[in-house]
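What follows is calculated from the coordinates using simple rules that are stated; it is not laboratory data. Just so it is clear, the structure is predicted and the values come from calculations on it, not from any experiment. Note that we place each Cβ from the backbone using ideal geometry, even for glycine, and neighbour counts take in every protein chain shown.
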Amino acid sequence: MSHHKPDPSKSVNLTIDGLPVTVPEGTTILEAARKVGVHIPVLCDHPDLHKRAVCRICVVECDGGGKLKAACANDVWEGVKVVTNSPKIHAIRKTILELILADHPQDCLTCIRNQKCELQALAIQFGLKEITFPQADVSASPNIDTNTLVRDMAKCVKCGRCVDVCQEIQSVRAINTAHRSLHYEVTTPYDQQLIDGPCVYCGQCAAVCPVGAIYENDQTNLVWKAIDDPDRHVVVQTAPAVRVALGDEFGLPKGAITTGKMATALRRLGFTKVFDTDWSADVTILEEGNELLQRLEKGGKLPMITSCSPGWINFCEVFYPDLLGHLSTCKSPQQMFGALVKTYYPKISNVDPAKITSVSIMPCTAKKFEAQRPEMNASGYQDVDVVLTTRELARMIKLAGLDFETLPETPFDPLLGDSTGAAVIFGTSGGVMEAALRTVYEVVTKEPLAPLDLEAVRGHQGLKEVVVDLKGTKVKVLVANGLSNARFVMDSIRAGTCDATFIEIMCCPGGCVGGGGQPYGNSQIKLQRKDGLYLADKQLPIRKSHENPEVVALYKDYLGAPLGEKSHHLLHTHYSTEGKNHWAKTGH
Amino acid sequence: MSKLMPLVSEGAGKINPLSVSDYIGVGGYQALKKAVGMTPEQVIGEVKKAKLLGRGGAAYPSGSKWEHLLHIPETPKYIVCNADEGEPGTFKDKLILGKLPLKLIEGITIAGFVFGAKAGYIYVRGEYRKIQKQLIQAIENAKKENYLGDNILGKGFNFDIHIISGAGAYVCGENSALLNSTEGKVGRPRIKPPHLAEVGLFLQPTLVNNVESLSSIPAIVLKGGDEFLKIGHPDSGGTKLICLSGHSAKTGVFEIPLGKVTIRDAIYDAEMGGGVKDGKKLKFFHLGGQSGPIGSPDQLDTVYSYTDLRKAGLGVGSGAIVVMDESVSIIEYLKGVTEFFIHESCGKCVPCREGNKQLYAILQKLSVPGAATENDLSNLRRLVTTMTAASFCGLGQTAAVALNTAWKLFKAEFEANVSKTAAAAA
């Protein structure tokens, strides 16, 4: 294969619609056309996924040949004359679009993807006035399981993006294409429910779906109902990655930090208290950091692996039940918050925990599943009642008619609202590791980590590693994001070839900034969100979790010490070798 | 004088197909013995001189294909024989597989020697179950006689052939889908490039040739490329196995020299088709399988060669000649063709999956008086254009060939049922 691998150091000269352009070898026709300002329409193509070239909407003519080529999947070659615009090509593309639409429900106005749909955008771009092919009967009802993801396969355009992300990027293989011709479809093995297969609910399928075929189960109605009930004390927590993505929904620059506007919006929506998951992220660092030190001192199972990412936890339970002992027993920040908001918070605020509705705003669809796990009731109630994704929160703000861009900035409510720079970077790959090391290093060496910015674990490469010197003990740490990278790490542990001590694993590529519940985007946008989080870290007055005054108060007034008895009961959990199915089936 | 020319099919039906000694008795394995004394370049030189065009349907020059593969340095290389003969009306590979399997095996073994391959695969149509068993036996017998296996003919060359059964999908006749299926994956075509010569079976450089092409190799090696070329047409040497079916008085496989026989000969010659059944008039003939063009009686005197047929807007394709008499409705016939492609589309690309479906719906309307409109006819035309130019693989690109050629010949039949009032209103 290497023989014909393109060499990007070589240049290729060609013309696009008569315009000369020079690009590196290995550039697709699609990319070359963008260089001269021609945006060839695409539907199945996605910048972060493999080429499939199945929708054929991007066809172009090369050197006048009768057969057209898919611009997304064909590299340019020396001297080729590409035509992207001609009446013939327009007619063919329009026919293809009409063929897709003739097999697609015409219910755009009530579709969850209305105005965010790539197919709809194509219809607008093509100026389509009518579909002259007879409309297929596409009236299958959506499939919902576990209140997490909805699959409305009547809307599926069979682009294969979801299959690619599930199989190749995440290595989960919960969905695939099956059958042929008119029966060709995206489905699960034997049409089983997602809960009965390996699906980890990461929602990456929903994140790449161009239409309304796979999406988060919208639970905003439950929150509106709770807010409307005068007997309910409705509290909300917001995950770190939400604040740098929410602005996308309102036309703000990508990666803009919207923390203050978001807090104001949540108050205006009617939440009684607006708290921050960053606060419990700091708590997580204290628990997890001490757990690591305890394992190091007492010879516990190493490497220890972080447990903040519920998609990752599902993955580990399904595929690596023999290695569950490596997982930190710490609950995720969402669930730590949930347990404390119905125990610690009522105690210091004189609120009846039975009346609290605990809502979280997450970048994540797997968090919806995590909150439902039956063991997540340490407070005596379900710790987190409703989980909304970033996209769902945006829908509430839009329904309320709030002009997000001009909202004033307000802080979170006190007690469970103060946080640090260490917590805010939880939202991007490497952030939990950096936050943990800022605290662990200082506990061990009695000196602050210098520099505090741990550049080696930043960025969205799939695997990152660095060796930290803890008072003479060299500790290797590893950071992985995306589940195929997680699989690589886990296989090395299973094979006994992993020499790391501490590993951070995030389910989604890029970490939570690329979560399945985030506003639609691609890896470039994820990087801008990451930059937003590191900027937020820099701007915060306190940048180490153990210095968060509200966390110090929590331990002083309520928990005692990290890993203490109360912590053990409220903030730590256990995992099942039976996989996620065990929880789902014995739970609800 | 007979217009037939048994060359590839020489010996078929006359010997025990599984007997190596019988095969040697009709000249078998002389070519392999000659080839192992030649260099790979010399063998390929003869194939190029022979101007052998791929007999599966695409008519790609075999010599160029072989030369391309020879220059790829990566190893191991694989030899794959496409024996997934799935074109309706096509049963010529079956003749070789069933009656002369050792000739195919010899051809594959020569290819294996040329490319230094260790393994060859024959991907056999799933319905040819009995033939698959026979092929396995023929391979075993060849091994016993040292024509396969280790140290073949004492030349230090090791080569084995494996039989893979298809599972009934027409699209697996498409070479990249065939390789996916061989690897145990779903039989859907791959994105090209990379070409299969570069990234083929198990991602290795691979030769994929049709049964008839590979079975022509012994004759090319033995007679030499020049002699092989003389037998056929100056642009494409050798013979072609043609398959007559439909309303042909006689049906079966016949071997003819390329460029020396007309379509009329094929259909009417007493040694071949013997005319239209029951003395009826010929309405049209369908060449090369369901994916091939439809021809009219006006074109009967076209010479059967790749060049002449292409010039006439027709094509050799797989070698099928389906004869249809005057009683057949072209619309009903095309409905059958389109139904076939609806059944066999792999479904992954839009023009093929959705296009065939919409084509059928229009043909259905065209078969009912007054049901269709001018809009249906214009949609029919743009579907043909779109499917042909923009489909992912050869299946979709050729699914509307029959319809497109028939449109030119039988326009009146297409328009007969179009509602005039609806047309006026539109």
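At a glance:
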quantity: Three-way shape call for the range B:20-231 based on the alpha-carbon gyration tensor, with the a/c threshold at 1.5; calculated: rounded
quantity: Distance in nm between pseudo-label sites at A:Thr22 and B:Glu271 (7 Å out along the Cβ direction from Cα); calculated: 6.4
quantity: Estimated [θ] at 222 nm from DSSP helical runs (n ≥ 4, -39500 (n - 2.57)) normalised by residues in chain B, nearest 500; calculated: -12500 deg cm²/dmol
quantity: Cβ-based net charge around A:Leu559, under 10 Å, with every Lys or Arg adding one and every Asp or Glu removing one; calculated: -1
quantity: Among the listed pairs A:Lys88/B:Lys357; A:Lys273/A:Lys342; B:Lys365/B:Lys411, those beyond 19 Å (Cα-Cα); calculated: A:Lys88/B:Lys357
quantity: Sites A:Asp557 and A:Asn377, calculated FRET efficiency, Cβ-Cβ separation with R0 25 Å, nearest 0.05; calculated: 0.60
quantity: Normalised contact order of the range B:330-425, rounded percent, pairs of Cα under 8 Å and 6 or more residues apart; calculated: 36
quantity: Cubic angstrom per residue, convex hull over Cα atoms of chain B; calculated: 131
quantity: Averaged over A:128-135, number of beta-carbon atoms from partner chains that fall within 10 Å; calculated: 3
quantity: Estimated FRET transfer efficiency (A:Phe488, B:Ser19; beta-carbon r; R0 56 Å; 0.05); calculated: 0.55
quantity: Set of lysines near B:Lys280 by C-alpha distance (under 19 Å), chain-local residues within fewer than 8 positions excluded; calculated: B:Lys250
quantity: Sequence ranges A:431-439, B:386-394, B:331-339, B:217-225, ranked by mean other-Cβ count within 10 angstrom, highest first; calculated: A:431-439, B:386-394, B:217-225, B:331-339
quantity: Highest-fluctuation residue, B:Ser181, B:Ser213, B:Ser329 considered, GNM on chain B with Cα pairs under 10 Å; calculated: B:Ser329
quantity: Gyration tensor verdict on the range A:78-183 (Cα atoms; rounded if a/c is under 1.5, prolate if a/b is larger than b/c, oblate otherwise); calculated: oblate
quantity: Burial order of peptide ranges B:5-12, A:27-34 (average beta-carbon count within 10 Å, highest first); calculated: A:27-34, B:5-12
quantity: Highest average packing first - A:269-276, A:365-372, Cβ atoms within 10 Å; calculated: A:365-372, A:269-276
quantity: The range B:330-425 - Rg (one decimal) and Dmax (whole number), Cα, Å; calculated: 12.9, 39
quantity: Chain B: most fluctuating residue of B:Pro193, B:Pro297, B:Pro88 per GNM, C-alpha cutoff 10 Å; calculated: B:Pro193
quantity: Alpha-carbon centroids, the range A:512-532 and the range B:164-204: separation in whole Å; calculated: 37
quantity: 18 Å cut-off, amide nitrogen to a point 7 angstrom out along B:Lys118 Cα→Cβ, residues in the range B:129-157; calculated: B:148-152, B:155-157
quantity: Paramagnetic reach from A:Arg232 in the range A:261-295 [backbone N under 18 Å; point 7 Å along Cα→Cβ]; calculated: A:266-275
quantity: Spatial separation of Cα centroids for the range A:14-45 and the range B:218-252, in angstrom; calculated: 45
quantity: At R0 = 60 Å, FRET efficiency that the Cβ-Cβ distance of A:Lys67 and A:Thr406 yields, to 0.05; calculated: 0.65
quantity: Shielding by partners, peptide A:87-100 (average Cβ within 10 angstrom, other chains); calculated: 4
quantity: Rel. contact order, % - alpha carbon contacts under 8 angstrom, at least six apart, the range A:220-587; calculated: 26
quantity: Mean-position separation - Cα centroids, the range B:19-63 and the range A:88-102, in angstrom; calculated: 46
quantity: Helix runs (DSSP H) in chain B reaching 18 Å along axis by Cα, Kyte-Doolittle at least -1.0; calculated: B:101-115, B:211-223, B:330-344, B:350-366, B:374-390
quantity: Shape of chain A, Cα gyration tensor, a/c cut at 1.5; calculated: prolate
quantity: Backbone N under 16 Å from the A:Lys51 label point (7 Å along Cα→Cβ), restricted to the range B:364-397; calculated: B:391-393
quantity: Per-residue Cβ neighbour rank within 10 angstrom, fewest leading, A:Lys10, A:Lys69; calculated: A:Lys10, A:Lys69
quantity: Projected label distance in nm at A:Lys225 and A:Ala140, using a 7 Å step from Cα toward the beta-carbon; calculated: 2.9
quantity: Residue pairs, from the table B:Lys77/B:Lys133; B:Lys48/B:Lys77; A:Lys298/A:Lys367; A:Lys5/A:Lys464; A:Lys301/A:Lys544; B:Lys3/B:Lys103, whose Cα atoms sit over 30 Å apart; calculated: A:Lys298/A:Lys367
quantity: Cα→Cβ-extended label distance, 7 Å offset, between A:Gln115 and B:Asn417, nm; calculated: 4.6
quantity: Average beta-carbon neighbours from other chains, 10 Å sphere, peptide A:346-356; calculated: 0
